[in-house]
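A short write-up of the structure that comes next.
The values are calculated or read from the model by the stated rules, or taken from the named source; none is laboratory data. Quick caveat, the model's predicted, so the values are computed rather than measured. Positions of Cβ are generated from backbone atoms using ideal geometry, with glycine treated the same way; all protein chains shown enter the neighbour counts. The accessibility values were calculated without ligands, DNA or RNA, using every heavy atom of the protein model including side chains. Shrake-Rupley method; radii C 1.70, N 1.55, O 1.52, S 1.80 Å.
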Amino acid sequence: MDSPEQARRLSQLYDDVLGGNRAPDAPRPLVAASWQRSLAAAVDPELDAPPVIVDHDIVESIRENHPLRAVLPVLRQTLTTIADEASHIMIITDAQGTILWREGSADVRRQADRIALSEGAVWSEDQIGTNGMGTALAVGEPVQIHSAEHLVRRIHEWTCAAAPVHDPDTGKLLGAVDVSGPLRTVHPAMVALVTAAAQLAEGQLRVRMAAADEMLRARNMRHLMALGDAPGALLTPTGRVLAVQPLEWLPDRLVVPDGADRIDLGDGREGVIEPLDEGFLLRIPGTPVRRGRPSLRLKVLGAGQPIAVVGGREIALTLRRAEVLALLLLHPSGLTAEQLMLQLYGDEGNPTTVRAEMHRLRNLLGGGVLDTKPYRIVADVTGDVTDVRTALQDGDLHAALDLYAGPLLARSDAPALRAERDELDATFRRAVLDAEDPELTWRFAQTPTGAEDQEIFEALDAGLPPDDPRRAAVAARLERLVD
């Protein structure tokens with residue numbers, strides 16, 4: 001399908017879906033999910049421009065200290081010449097979607113200015129809806145958004161491809177690289193191009209990190225050597241372990257809270273932290289005190305990055321690994337490989353795939369966390385989802401709302417987790433509605449689950465006092481939900 005025909009089809013689909021009409025087709029799952037997130041954030045499809053424009057002096061300050069500044073040369077070399085020749089522009093954002101740098105065709109830059117596709121504008125999904133850089137930041141993957149796949153109508157004459165860039169040290173999102181242009185300039189290779197550029201940028205950051213590590217070792221190894229035969233380690237400012245001396249086991253990274261002088265090593269030992277000019281010195285004083293089991297904390301609620309914390313070690317989880325651990329958390333007596341397969345994949349799964357994933361998980365989490373025959377968590381485990389369930393069972397809705405970051409693994413399609421997610425959300429909303437407490441209802445309405453619930457907003461409309469300043473927001477949301 002050529003570009004004009006594709007744009008026409010997408011425009012018709014856009015009008016049908018957002019107009020509430022029966023559509024012969026559906027948006028791509030990536031786009032449909034992004035529209036849902038954007039509408040939940042109250043983005044108006046008829047918006048004229050991004051509502052947030054950061055002051056020039058603040059943008060300059062962000063640029064000056066941003067890690068991606070160091071890789072601008074490689075991004076320019078990879079993208080700017082091609083973008084200029086293809087009537088596109090290259091854009092680099094921070095992790096919040098603020099455009100920090102924009103380069104390329106002068107004519108396209110002038111066109112971009114008309115929609116505030118310019119330095120200082122915030123193009124996150126919650127500000128301007130579905131778009132290349134904002135959606136790439138939201139899902140953590142390369143994306144291409146074409147024409148009427150953008151939520152805001154005014155951007156339908158544009159096409160964009162973007163890829164996120166992550167910090168090779170911490171894994172945290174640094175920002176996105178994007179190539180955007182008018183609709184007539186769309187090219188299928190742009191996703192591959194921005195993906196390669198992001199990978200090159202991460203490679204350059206990795207090289208710089210290795211050089212900084214060597215310098216830190218050279219300047220600070222004397223502190224570790226001064227411990228003599230006592231066990232210890234040299235850590236980077238982010239808690240990565242650079243050098244050790246006699247230790248039975250130490251993870252690759254430790255979480256060092258601000259101002260902490262002692263940390264839990266996750267296996268019963270306690271370490272003493274001494275700040276250096278660069279990084280930290282870790283000492284293991286006295287005789288280790290061993291606990292029976294390590295601790296595990298799972299954070300699996302909401303659309304953000306799932307996290308496992310083993311002792312003091314924070315581990316970012318892929319969606320599949322988070323799904324496995326969430327199922328084991330919810331089934332403390334354990335599951336066989338076949339049971340896990342059915343709960344993850346339905347009848348289409350393969351137990352061999354599950355066994356391989358469990359092997360990788362055991363290596364990732366360390367000893368004493370997972371057991372086999374059946375697969376189960378043997379660490380002292382807690383989780384945000386089970387804490388919310390317990391609070392609901394105890395009738396403590398305020399505590400449940402404090403803990404509730406959103407639906408259980410919102411991006412998961414695993415059959416068992418979809419059922420668990422739906423049950424938790426239905427139980428939660430029913431408890432809130434039955435409480436007939438406007439303050440509780442308002443708090444629930446601010447969650448991803450409550451934000452699109454018409455009955456919740458009808459309860460607020462009926463329960464808030466006539467002079468409550470929140471009534472205007474409730475009325476506006478109700479009007480949109482009813483339409």
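Here are a few things to note about the model shown:
- Single residue of 426, 473, 445 found to be at pLDDT 90 or above and out of contact with any Pro (no Cβ under 8 Å at 6 or more places or on another chain): 426
- Test: residue 11 is hydroxyl-bearing (Ser, Thr, Tyr), buried (at least 17 other Cβ atoms within 10 Å of the Cβ) and closer than 22 Å to residue 183 by Cβ: no
Okay, residues lined up against (1) in contact with a strand residue (DSSP E or B) (Cβ under 6 Å, 6 or more places away or on another chain); (2) closer than 30 Å to residue 179 by Cβ; (3) aliphatic (A, V, I, L, M):
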{"residue": "191", "(1), (2), (3)": "yes, yes, yes"}
{"residue": "201", "(1), (2), (3)": "yes, yes, yes"}
{"residue": "206", "(1), (2), (3)": "no, yes, no"}
{"residue": "210", "(1), (2), (3)": "no, yes, yes"}
{"residue": "215", "(1), (2), (3)": "no, no, yes"}
{"residue": "218", "(1), (2), (3)": "no, no, yes"}
{"residue": "226", "(1), (2), (3)": "no, no, yes"}
{"residue": "235", "(1), (2), (3)": "yes, no, yes"}
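- Considering the conditions (1) over 15 Å from residue 168 (Cα atoms); (2) in contact with a Lys or Arg (Cβ under 8 Å, 6 or more places away or on another chain); (3) at pLDDT 90 or above, residue 243 is excluded by exactly one of them, (3).
- Residues located in segment 26-38, provided they are open to solvent by 90 Å² or more (accessible area, probe 1.4 Å) and either over 26 Å from residue 448 (Cα atoms) or not in a helix (DSSP H, G or I) (or both): 28
This table checks each residue for (1) more than 15 Å from residue 395 (Cα to Cα); (2) free of Cβ contacts under 8 Å to residues at least 12 places away in the same chain; (3) open to solvent by 40 Å² or more (accessible area, probe 1.4 Å).
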site: 429; (1), (2), (3): no, no, yes
site: 440; (1), (2), (3): no, no, no
site: 443; (1), (2), (3): yes, no, yes
site: 447; (1), (2), (3): yes, no, no
site: 452; (1), (2), (3): yes, no, yes
site: 466; (1), (2), (3): yes, yes, yes
site: 469; (1), (2), (3): yes, yes, yes
site: 473; (1), (2), (3): yes, yes, yes
site: 478; (1), (2), (3): yes, no, no
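- Check on residue 33, at pLDDT below 90 and not polar (S, T, N, Q): no
- Looking only at residues in segment 271-283 that are at pLDDT 85 or above and part of a loop (DSSP other than H, G, I, E, B), the one that is farthest from residue 215 (Cα to Cα) is 276.
- Some residue of segment 407-425 being without any contact (Cβ under 8 Å) to a residue 40 or more places away in the chain, over 30 Å from residue 319 (Cα atoms) and open to solvent by less than 80 Å² (accessible area, probe 1.4 Å): no
- Take the conditions (1) surrounded by 15 or more Cβ atoms within 10 Å (Cβ to Cβ); (2) outside any loop (DSSP other than H, G, I, E, B); residue 4 misses just one of them, which is (1).
- Some residue of segment 50-61 being modelled with pLDDT under 85 and either out of contact with any Cys (no Cβ under 8 Å at 6 or more places or on another chain) or crowded, with 19+ Cβ neighbours inside 10 Å (or both): yes
- Checking 354, 381 one by one, the residue that is hydrophobic (A, V, I, L, M, F, W, C), assigned to a helix (DSSP H, G or I) and buried (at least 18 other Cβ atoms within 10 Å of the Cβ) is 354 and no other.
Yes/no per residue for (1) of a type in the set (S, T, N, Q); (2) in contact with a helix residue (DSSP H, G or I) (Cβ under 8 Å, 6 or more places away or on another chain); (3) farther than 24 Å from residue 302 by Cα; (4) touching a residue at least 12 places away in the same chain (Cβ under 8 Å):
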| residue | (1), (2), (3), (4) |
| --- | --- |
| 324 | no, yes, no, yes |
| 340 | no, yes, no, yes |
| 344 | no, yes, no, yes |
| 348 | no, no, yes, no |
| 351 | no, yes, yes, yes |
| 358 | no, yes, no, yes |
| 365 | no, no, no, yes |
| 374 | no, yes, yes, yes |
| 377 | no, yes, no, yes |
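A quick yes/no check of all residues on (1) free of Cβ contacts under 8 Å to residues at least 60 places away in the same chain; (2) farther than 12 Å from residue 30 by Cα; (3) open to solvent by 10 Å² or more (accessible area, probe 1.4 Å):
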position: 113; (1), (2), (3): yes, yes, yes
position: 116; (1), (2), (3): no, yes, yes
position: 121; (1), (2), (3): no, yes, no
position: 125; (1), (2), (3): no, yes, yes
position: 129; (1), (2), (3): no, yes, no
position: 143; (1), (2), (3): no, no, no
position: 148; (1), (2), (3): no, yes, no
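- Pick from segment 384-406, criterion part of a loop (DSSP other than H, G, I, E, B) and in contact (Cβ under 8 Å) with a residue 60 or more places away in the chain, ranking: most open to solvent (accessible area, probe 1.4 Å): 405
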